[in-house]
Amino acid sequence: MQPEPVRYSRSHSVPDRYAPPLRDEAAAIKEVLASGILSGGAQVVADYEAALADRFGAAHAIAVSSGTSALHAVLHVLRVGPGTEVMVPATAPLPTAFPILTAGAAPVIVDVADGTLGLDPDDVARKLTARTVAALSLPLWGYPAAVTPAAQVLTEAGVPIIEDAAQAHGTRIGGRRAGTLGLAGCFSTHDRKLLSTGEGGFILTNDDAIAEKAQTYTRLGHLTGRQHGAQGRSRPEHRMRCGSTASALSGEAARAVGVREAQ
């Protein structure tokens, strides 16, 4: 027998989050705790990254500590910094712009095309400058953002498209998943996202060089626990890697998503 739906009233507001059915999260976390390896060097993290790459059809997946870390790392790889500009759609929430500001660059607000979340190619052309280093595309709430209309303008200018797909796990456009349409896709697995681990994020890319540099930047110069990492680098490296418990949670949540997609 189906339970009665909860009706809105002033004393009982509508919950603002989606609670997916539990799978084997507790067992997965227990297994990680029993292993004694809780950092990003655990095998479960590599397994999680491989599963993400396979599900999204990307060559590389790099698990990180948050969606903000994902954006920050990709912007760093693209040499975004003081004196540079990054195009941001007018629909973007503040967290999309924060990593740009943290890098010391200027976010340039660009209008979206009528009836879409995609960047308006005419406004892109108007606001392109010699300082433009990247353009962010932003699918929101599961709705896709077409990159094709503005892609030609940006490609001719040598400006890569980065997708902030924090709210578009599994979203498809033209048969391809959001997060795989640009040079790199940045995702969040925050508690309020479609795929949740409480906190976390990941980067998708088909570019080997971008993947290598993002891994180096987010893992203390490729510090793996088996060697001392990259030495003598002129730019600082950070620890932004996703931990093993979050990866275990993500793996189970992703499997639940896969079951629902199959149904």
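The values are calculated or read from the model by the stated rules, or taken from the named source; none is laboratory data. The structure displayed is predicted, hence computed values, not measured ones. Cβ atoms come from the backbone with ideal geometry, glycine included; neighbour counts cover every protein chain shown.
What the table shows:
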quantity: Hits in region 157-188 - residues which are modelled with pLDDT of 90 or more and of a type in the set (Ser, Thr, Tyr); calculated: Thr180, Ser188
quantity: Checklist (1) within 22 Å of Gly67 (Cα to Cα); (2) of a type outside the set (Lys, Arg); (3) at pLDDT 95 or above applied to Gly118, failing item; calculated: (3)
quantity: Count - residues of region 101-137 that are closer than 18 Å to Leu78 by Cα, under 22 Å from the mean Cα position of the chain (by Cα) and of a type outside the set (Ser, Thr, Tyr); calculated: 11
quantity: Those residues of region 40-73 which are touching a Phe, Trp or Tyr at 6+ places or on another chain (Cβ under 7 Å) and in a strand (DSSP E or B), in sequence order; calculated: Ala61, Ile62, Ala63, Val64
quantity: Residues of region 137-153 satisfying the condition of being out of contact with any Leu (no Cβ under 8 Å at 6 or more places or on another chain) and either aliphatic (A, V, I, L, M) or surrounded by 14 or more Cβ atoms within 10 Å (Cβ to Cβ) (or both); calculated: Ala151
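The rows are residues; the columns are (1) among the charged types (D, E, K, R); (2) in contact with a helix residue (DSSP H, G or I) (Cβ under 9 Å, 6 or more places away or on another chain); (3) surrounded by 16 or more Cβ atoms within 10 Å (Cβ to Cβ); (4) closer than 18 Å to Ile203 by Cα.
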{"site": "Leu52", "(1), (2), (3), (4)": "no, yes, yes, yes"}
{"site": "Val64", "(1), (2), (3), (4)": "no, yes, yes, yes"}
{"site": "Ser69", "(1), (2), (3), (4)": "no, yes, yes, yes"}
{"site": "Leu75", "(1), (2), (3), (4)": "no, yes, yes, yes"}
{"site": "Gly81", "(1), (2), (3), (4)": "no, yes, no, no"}
{"site": "Val110", "(1), (2), (3), (4)": "no, yes, yes, no"}
{"site": "Gly115", "(1), (2), (3), (4)": "no, no, no, no"}
{"site": "Gly118", "(1), (2), (3), (4)": "no, yes, yes, no"}
{"site": "Asp123", "(1), (2), (3), (4)": "yes, yes, yes, no"}
